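Student: Once you've had a glance at the structure underneath, I'll fire off some questions.
The values are calculated or read from the model by the stated rules, or taken from the named source; none is laboratory data. Everything numeric in this text was worked out from a predicted model, so none of it was measured. FYI the Cβ positions are ideal-geometry reconstructions off the backbone, even for glycines, and counts take in every protein chain you see. With ligands, DNA and RNA removed, areas are computed over all heavy atoms of the protein, side chains included. Shrake-Rupley method; radii C 1.70, N 1.55, O 1.52, S 1.80 Å.
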Amino acid sequence: MSILGLTLILITIWGLAYGSARSIVWILVPPVLLVSLQLAGLLSGPVAAPLWLLYAGFLFFYLMPEQRQAWITRPLLKAFRKVMPAMSDTEKEALNAGNVWWDGELFSGQPDWRHLLRHPSCRLTAREQAFIDGPVQELCDKLDDWEITHKEQDLPEEVWQFIKDAGLFGMIIPESYGGLGFSAYAHSQAVMKIASRSVTAAVTVMVPNSLGPAKLLMHYGTDEQKSQYLNGLATGEEIPCFALTGPKAGSDAGAIPDRGVITYDEYEGEETLGIRLEFDKRYITLAPIATLIGLAFKLEDPEHLVSDETYPGITVALIPSNTEGVSIGQRHMPLNLPFQNGPITGKDVFIPLDWVIGGRDGIGHGWRMLVECLSEGRGISLPALSTGAGKQASRYTGAYAAVRSQFGTPIGEFEGVEEALARIAGLTYQMDAARKLTLSALDDGESPSVISAIVKYHLTERYRQVINDAMDVQGGSGICLGPDNLMGRAYQAIPIAITVEGANILTRSMIIFGQGAIRCHPYVLKEFDAAENPDPKTALKSFDEALFSHVGFVLTNFARTFWLGITHGRLSESPVDGPAKRYFQRLNWMASAFALTADMALMTLGGSLKRKERLSARLGDMLSELYIASATLKRFHEEGMQTADLPLMQWAMDESLYRIQHALRALLRNLPVRPLAWMLRLLIFPTGLPFYKPTDALDHQVTRLILRPGEARDRLTHGIYLTDLMTQRIAQLEQALTAVTDAAPIEKTLLRARRAGQLNARDEDSAIEEAISLGILTHSDQEKIVKARQLRNQVIQVNSFEGLSEDVTEKRKTGDKVSLLDRLGVA
């Protein structure tokens, strides 16, 4: 009978842990349970005695905090201090940048789905919508990306002026300073639409509205600095750039060697307290044409003229580009995408102290300024550009696959092509969902630094995947550049998006989980703060509180993970019924598994996890996919759970769940503590691995959505540039898709008639005439087939160019070397 009693005790403990029972419940329930079991004869005295001793010990340490802290907490605090990773000042500032939002819910292992679904969705104001439909559309109409990238190597002067006049450089600047004062969502929509027309133009517009002088001034500038510069930045009178990266400091921006020394010197005829600078920067977008430079450098004050510290730290200043000693004007050429980008150097440059952003109060606070602004900026521009590329591929390549035929069948109907098209559409659905959820947080006043890293990395990587797939489907039409190639420049731009604002390898392996584990975990940051507290008494008390709360947290996730693993989450809570219900329940399971696994890795590896970058990356992958899956379900819900969109939602969720499982398996295979890995594997997946990549049947359903006109296709690709001008390949594709879709059933009727032997004519035109004479087709049917055929022939053509110009011919006669650019007629 004691076995039954022990089983009941274990079930009770599991239930208390699963339900996150309060301390008073843990105190009252065990004695009541033990007495009841003994009275019922289910627990013998010899078995009950050690259980009562355990309970007495638990009660003693709970009621006697001083003894608990002295005997348990103090040794653990000492051990914790030995294994906790050392953090530099720049790392601490990065950790404190921004705030925690939905990422904190995911780290809890028990996300509040109703809170997520209640969160406001993205909406444009009437004024913002008018701007997207008006000036942004007009700008896109003016852009000829082939002329920009291949011939002019720059935006035309007319376009530069239009961008300035329309206020596109001042979308984030408040109206009180002459800007547009737009939301993050409006900013993103504008960049996305422009990017779908020209990456060069999109980068030109997005940089002044991202990390740069305007944003830094708005957050940290003095009133005088705001009045001096913001109006000019809003109108384009001032062209900004931001100089951070240099030859010796790229991703490790905290190691910048650029130096400024506080000293007195003459400025405009007067002795002035200022900074003498030496700097060497590169890869600076808009640098060749900039009039105002935001410069990051390390400040020194050897004479302690303004600070008690000899090395106050990284500082940011605004420097007019015509300042003596500043040299700009040369250009880099990033993969033949000619947005203005180049190096900046400064030799013996003297600037007044009030050019520091924030004045004297801004001295030494540059790194905090940068990471806080970056946590917002990288959640807007690059996700917008990446999502725009996904929408391009979904709409344009989907249409091409429906129109282009091989072996008498649209290529989009081949199963191999379907796989690529489904991936394009499904990943685009995820990208837009994650983009919008992040923007809604930013517009609600949040500044989620970890989430911004997630969307930067995962959306640019999905951008890479969808464009690679699109190029596979497009074949020769994708690789032959020219005015009619809608994918080529997006393909060339991939490495740029991957590299900027935090290189992707670094972001995945060191930032997402490395920063998230400390910042987003309910208790780890509290434990770190306690361990670093110089007051021994306060440190011990704070660590005690955080530690035992953390223990309860781990027990809860242990109990939840096991139960959810056995049931596959079926009995867990979901905020909705219908087709999304099971996905919410599966995410409950995976969120709990992630929280438990993260804690186990932190506890067993300690500070060494910082150096185990691949383990950290896999934990980051789990967190990221949980976020993207959350965004997917929210999108499906807020768009009214459209039946037509159901395959997209299912594909996106199946893909994310499989990726979570894949990351978890890889993590467990490589955990150094093997018994722990085996235990976690059994605990999380007690019945085996449950998740698979989307099925072939689901791929087929998703592909159908982008192979024909429809509301689902329009929702998926909403926000990119479209036009009715038939001189543009975009309009030609849309017309061809409509015509081919209309003609498809007619062509099937004609094919059936030929196979049935009703038609004797061999060529297609004669067969159509014969079918009309037999009443199988009508003249209207004939017109539809002819129209579809003409438009199909138009859109499958690729651009070609004269092989030799007169200059090339002359060079060959004289034996001079003929370059590729010569052959293409490019000066």
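Student: Rounded to the nearest 5, what is the percent of antiparallel bridges among the DSSP beta bridges in the chain?
Tutor: Here the antiparallel bridges make up roughly 80 percent for the chain.
Student: OK, next. Working out 0.36 nm times the residue gap between Glu66 and Glu138, then minus their Cα-Cα distance, what length gain in nm do you get to one decimal? Write out the running numbers ahead of the final one.
Tutor: Numbers: separation 72, 0.36 × 72 = 25.92 nm, distance 7.12 nm.
That pair, Glu66 and Glu138, stretches by 18.8 nm at full extension.
Student: Just the number please: accessible area per residue for the chain, 1.4 Å probe, all protein chains included, in Å².
Tutor: Accessible area per residue, the chain: 43 Å².
Student: Calculate the dipole size of the stretch 3-152 relative to its Cα centre from +1 charges on Lys and Arg beta carbons and -1 charges on Asp and Glu beta carbons; express the result in debye to the nearest 20. If you can, show how the numbers build up before the last one.
Tutor: Values: 13 positive and 15 negative charges, 295 e Å.
It works out to roughly 1420 debye.
Student: Follow-up question, since we're still on this one. If you take the charge dipole of the stretch 319-398 about its Cα centre, with +1 on Lys and Arg Cβ and -1 on Asp and Glu Cβ, which of Asn336, Val349, Thr397 is farthest toward its positive end?
Tutor: With unit charges placed on the Cβ atoms, the residue in question is Thr397.
Student: Using per-residue counts of other Cβ atoms within 10 Å, averaged over each peptide, order 749-760, 230-241 from highest down.
Tutor: In decreasing order of mean packing, 749-760, 230-241 become 230-241, 749-760.
Student: Can you tell me how much longer the chain between Ser307 and Gln228 gets when fully stretched, taken as 0.36 nm per residue apart minus their C-alpha distance, in nm with one decimal?
Tutor: Going from the current span to full extension adds 25.8 nm.
Student: Going toward the positive end of the dipole of the stretch 412-466, with +1 on Lys and Arg Cβ and -1 on Asp and Glu Cβ, which of Ser449, Leu439, Gly416 do you reach last?
Tutor: Ser449
Student: Further question: Run the helix sum for the chain: -39,500 (n - 2.57) per DSSP H stretch of 4+ residues, divided by residue count, reported at 222 nm to the nearest 500 deg cm²/dmol. It would help to have the intermediate numbers written out before the result.
Tutor: Details: 37 runs with 471 residues, N = 827.
Estimated from H runs of four or more residues: -18000 deg cm²/dmol.
Student: I'd like the FRET efficiency for Leu59 and Arg674, computed as 1/(1 + (r/R0)^6) with the beta carbon distance as r and R0 of 22 Å, rounded to 0.05.
Tutor: 0.05
Student: Another question, if that's okay. Please list, in order along the stretch 494-505, the HN-Hα scalar couplings obtained from phi with the Karplus expression 6.51 cos²θ - 1.76 cosθ + 1.60 (θ = phi - 60°), rounded to whole Hz, x for Gly and Pro.
Tutor: With the stated coefficients, the stretch 494-505 comes to 3, x, 5, 5, 5, 8, 7, 6, x, 3, 4, 4 Hz.
Student: Then there's this: If I model a spin label at Glu783 and Val29 as a point 7 Å from the Cα along the Cα→Cβ vector, what separation in nanometres do I get?
Tutor: 7.6
Student: Could you order the peptides 480-493, 13-26, 423-436 from most to least packed, using the average number of other C-beta atoms within 10 Å per residue?
Tutor: 423-436, 480-493, 13-26
Student: Moving to a separate point now. Over the stretch 601-716, what relative contact order in percent results from Cα pairs under 8 Å that are six or more residues apart?
Tutor: Relative CO of the stretch 601-716 lands at 29 percent.
Student: Given H placed 1.01 Å from N in the peptide plane, which residues other than close sequence neighbours of Ala243 have an amide H under 5 Å from its amide H?
Tutor: Close amide H contacts, sequence-distant or interchain: Gly294, Leu295, Ala296.
Student: Report the net charge of residues surrounding Arg423, where surrounding means a beta-carbon distance below 11 angstrom and charges are Lys +1, Arg +1, Asp -1, Glu -1.
Tutor: The answer is -4.
Student: While we're here: Using R₀ = 51 Å, calculate the FRET efficiency as 1/(1 + (r/R₀)^6) where r is the Cβ-Cβ separation of Gln153 and Ser176; round to 0.05.
Tutor: 0.85
Student: Something else about it: With every protein chain left in place, what is the accessible area of Trp355 in Å² (1.4 Å probe, nearest 10)?
Tutor: Near enough 40 Å² of accessible area.
Student: Here is a follow-up. What distance in nm lies between label points placed 7 Å from Cα along the C-beta direction at Asn468 and Ala130?
Tutor: Here the answer is 4.5 nm between the modelled labels.
Student: From the phi of every residue in the stretch 348-365, what ³J(HN,Hα) in whole Hz does the Karplus formula 6.51 cos²θ - 1.76 cosθ + 1.60 yield, where θ is phi - 60° and glycine or proline is x?
Tutor: 6, 8, 10, 10, x, 5, 6, 7, 5, 4, x, x, 4, 5, x, 5, x, 10
Student: Also: Between Gly313 and residues 5 or more places away or on another chain, which pairs have amide H atoms under 5 Å apart, with H built 1.01 Å from N, and which residues are they?
Tutor: Here Leu299 satisfy the definition.
Student: Also: Residues with beta-carbon under 15 Å from that of Gln228, excluding Gln228: net charge, scoring Lys, Arg +1 and Asp, Glu -1?
Tutor: -4
Student: What does the charge dipole of the chain about its Cα centre add up to, to the nearest 20 debye, if the Cβ of each Lys and Arg holds +1 and the Cβ of each Asp and Glu holds -1? Could the numbers behind the result be given before it?
Tutor: Numbers: 81 positive and 95 negative charges, 822 e Å.
The calculated dipole for the chain is roughly 3940 debye.
Student: Continuing with the same structure: Just to verify a number: what accessible area does Val786 come out at with the full protein assembly present, 1.4 Å probe, Å² rounded to tens?
Tutor: 60
Student: So, one more: Could you give the size of the charge dipole of the stretch 696-746 about its Cα centre, using +1 on the Cβ of each K and R and -1 on the Cβ of each D and E, expressed in debye and rounded to the nearest 20?
Tutor: Its charge dipole is roughly 60 debye.
Student: Just subtract the alpha-carbon distance of Ser121 and Arg752 from 0.36 nm times their residue separation and send over the number in nm, one decimal.
Tutor: 222.2 nm
Student: If you look at just the Cα atoms of the stretch 373-461, how large are its Rg and its Dmax in Å?
Tutor: Here Rg and the maximum Cα pair distance are 16.3, 55 Å.
Student: Further, regarding this structure: Using a 10 Å cut-off on Cβ atoms, rank the peptides 687-697, 636-646, 654-664, 385-395 from the highest mean neighbour count down.
Tutor: So the order, starting with the most tightly packed, is 385-395, 654-664, 636-646, 687-697.
Student: Let me ask something else. Near Leu657, within a Cβ-to-Cβ distance under 9 Å, what is the net charge of the other residues, with Lys and Arg +1 and Asp and Glu -1?
Tutor: Surrounding charge for Leu657 is -1.
Student: Sorted by accessible area (1.4 Å probe), largest first, how do Trp52, Trp367 line up?
Tutor: Largest accessible area first, the list is Trp52, Trp367.
Student: Ranked by accessible surface with a 1.4 Å probe, highest first, in what order do Val203, Val29 come?
Tutor: Val29, Val203
Student: Quick one: 3J(HN,Hα) in Hz for the stretch 285-290, Karplus 6.51/-1.76/1.60 with θ = phi - 60°, rounded, Gly and Pro as x.
Tutor: Along the stretch 285-290, the couplings run 5, 6, 4, x, 10, 5 Hz.
Student: Of the heavy-atom accessible surface of the stretch 502-655 (probe 1.4 angstrom), what whole percent is carbon and sulfur? Kindly include the intermediate steps, with their values, before the conclusion.
Tutor: Details: 3150 of 5500 Å².
It is 57 percent, rounded to a whole number.
Student: Do you know the relative contact order of the chain, to the nearest whole percent, from alpha carbon pairs under 8 angstrom that are 6+ apart? Write down the numbers at each step before the final one.
Tutor: Values: 1312 pairs, mean separation 116.4, N = 827.
Relative contact order of the chain: 14 percent.
Student: Once ligands and nucleic acids are excluded and a 1.4 Å probe is used, how much of Val500 is accessible, expressed in Å² to the nearest 10?
Tutor: 60
Student: Then there is this: At R0 = 51 Å, how high is the FRET efficiency between Trp14 and Leu273 if r is their beta carbon distance? Nearest 0.05 is fine.
Tutor: Values: r = 68 Å, r/R0 = 1.32.
The calculated FRET efficiency here is 0.15.
Student: Let me ask something else. Residue farthest toward the positive end of the dipole of the stretch 98-242, with Cβ of Lys/Arg at +1 and Asp/Glu at -1: which of Leu216, Gly178, Cys241?
Tutor: Result: Leu216.
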